[in-house]
1. Among residues belonging to segment 89-125 that are in a loop (DSSP other than H, G, I, E, B), surrounded by fewer than 17 Cβ atoms within 10 Å (Cβ to Cβ) and among the β-branched types (Val, Ile, Thr), point out the one that is nearest to the chain's Cα centre (by Cα).
2. State whether the residues of segment 141-154 include one that is hydrophobic (A, V, I, L, M, F, W, C), surrounded by 13 or more Cβ atoms within 10 Å (Cβ to Cβ), over 21 Å from Pro174 (Cβ atoms) and at pLDDT 85 or above.
3. Scan segment 70-88 for residues that are surrounded by 12 or more Cβ atoms within 10 Å (Cβ to Cβ), part of a loop (DSSP other than H, G, I, E, B) and under 20 Å from the mean Cα position of the chain (by Cα) and jot them down.
4. Which of the following residues is exposed (fewer than 11 other Cβ atoms within 10 Å of the Cβ), within 20 Å of the chain's Cα centre (by Cα) and not β-branched (Val, Ile, Thr): Ala67, Ala48?
5. Between a first residue in segment 92-106 that is farther than 25 Å from Lys81 by Cβ and a second residue that is of a type in the set (Ser, Thr, Tyr), which pairs have beta carbons less than 7 Å apart while being 6 or more apart in sequence or on different chains?
Amino acid sequence: MRYFLLVLGVTVIAVMVVAGKRGDLSRRPPIELFPDMDRQPKLRPQAANTFFKDGLSSQQPIDGAVARGSAYQDVPENTGKIPGTTNWVQTIPAPVTAQVMARGRERYDISCAPCHGAQGDGKGITTKFGMAVIADLHDAAGRKVPQQSDGQLFGTISYGKGLMQGYASTLSIPDRWAIVAYVRALQRSHLGTIDDVPADKRAEVTKPLPPGAIKK
């Protein structure tokens with residue numbers, strides 16, 4: 001116990017010597033254990049510098065540089081909005097092909113299905129862990145115009161909404177549009193009617209069996 005008290009006292013004194021006088025005025029220069037934290041090599045803005053050809057420290061951005069968080073070009077494919085406005089585009093500004101739909105389903109299953117569910121009904125695996133406030137993509141608020149356009153859905157995927165985080169940092173722009181296309185397909189599968197099927201294809205539509213029926 002005696003040695004413990006001795007070590008404790010020495011430790012307290014050492015701490016007081018090192019840190020106890022920090023901030024007091026003194027004629028002596030302070031002891032800098034890590035001087036690079038206070039004295040870093042840097043170039044002050046607009047100061048002269050012989051390293052660059054123009055003799056200045058601050059340089060103009062190179063051609064094609066884009067500010068962090070800004071779209072490369074103000075076009076619907078990048079922003080989901082009509083150029084020069086804050087209005088969302090109504091439809092996907094790119095061709096929707098079978099490859100796009102397949103990619104959208106793959107990305108949806110990875111990034112969206114855990115919360116929104118494989119069917120888009122908001123009953124993903126996260127609901128089993130207490131996350132109850134998850135949007136049902138078949139609800140009126142998530143369906144097509146006038147409730148929500150393709151561009152607005154793209155914006156929600158990109159930047160998030162409410163408790164949902166944005167996926168702009170993890171999903172490329174084409175992947176986000178592919179997810180939009182796949183979400184529309186999910187909605188059409190739940191909300192579509194026979195009138196949505198081309199007249200020459202309606203005969204190929206199989207009528208669903210009634211509950212309890214057995215297919216022969």
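1. Here is the first cut: in segment 89-125, the residues in a loop (DSSP other than H, G, I, E, B) are 89-97, 112, 117-124.
Checking which are surrounded by fewer than 17 Cβ atoms within 10 Å (Cβ to Cβ) leaves us with 90-91, 94-95, 97, 118-119, 121, 123.
From what's left, among the β-branched types (Val, Ile, Thr): 91, 97.
Values: Thr91: 21, Thr97: 25 Å.
If we take residues in segment 89-125 being in a loop (DSSP other than H, G, I, E, B), surrounded by fewer than 17 Cβ atoms within 10 Å (Cβ to Cβ) and among the β-branched types (Val, Ile, Thr), then Thr91 is nearest to the chain's Cα centre (by Cα).
2. Restricting attention to segment 141-154, the residues satisfying the condition of being hydrophobic (A, V, I, L, M, F, W, C) are 141, 145, 153-154.
Keeping just the survivors that are surrounded by 13 or more Cβ atoms within 10 Å (Cβ to Cβ) gives 153-154.
In the following step, the residues that additionally are over 21 Å from Pro174 (Cβ atoms) were identified as none.
No; the residues of segment 141-154 include none that is hydrophobic (A, V, I, L, M, F, W, C), surrounded by 13 or more Cβ atoms within 10 Å (Cβ to Cβ), over 21 Å from Pro174 (Cβ atoms) and at pLDDT 85 or above.
3. Ala71, Asp74, Val75, Gly80
4. Values: Ala48 fails: within 20 Å of the chain's Cα centre (by Cα).
Within the list Ala67, Ala48, the selection yields Ala67.
5. Arg105/Tyr182
So that you can scan it fast, the table gives a plain yes or no per residue for (1) more than 30 Å from Trp177 (Cβ to Cβ); (2) among the aliphatic types (A, V, I, L, M); (3) free of Cβ contacts under 8 Å to residues at least 60 places away in the same chain:
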| position | (1), (2), (3) |
| --- | --- |
| Val7 | yes, yes, yes |
| Val10 | yes, yes, yes |
| Val18 | yes, yes, yes |
| Arg27 | yes, no, yes |
| Asp38 | yes, no, yes |
| Asn49 | yes, no, yes |
| Asp74 | no, no, yes |
| Gly80 | no, no, no |
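The values are calculated or read from the model by the stated rules, or taken from the named source; none is laboratory data. Computed from a prediction, not measured in an experiment: that's the story for all the values here. Neighbour counts run over all protein chains shown; Cβ positions are idealised from the backbone, glycine included.
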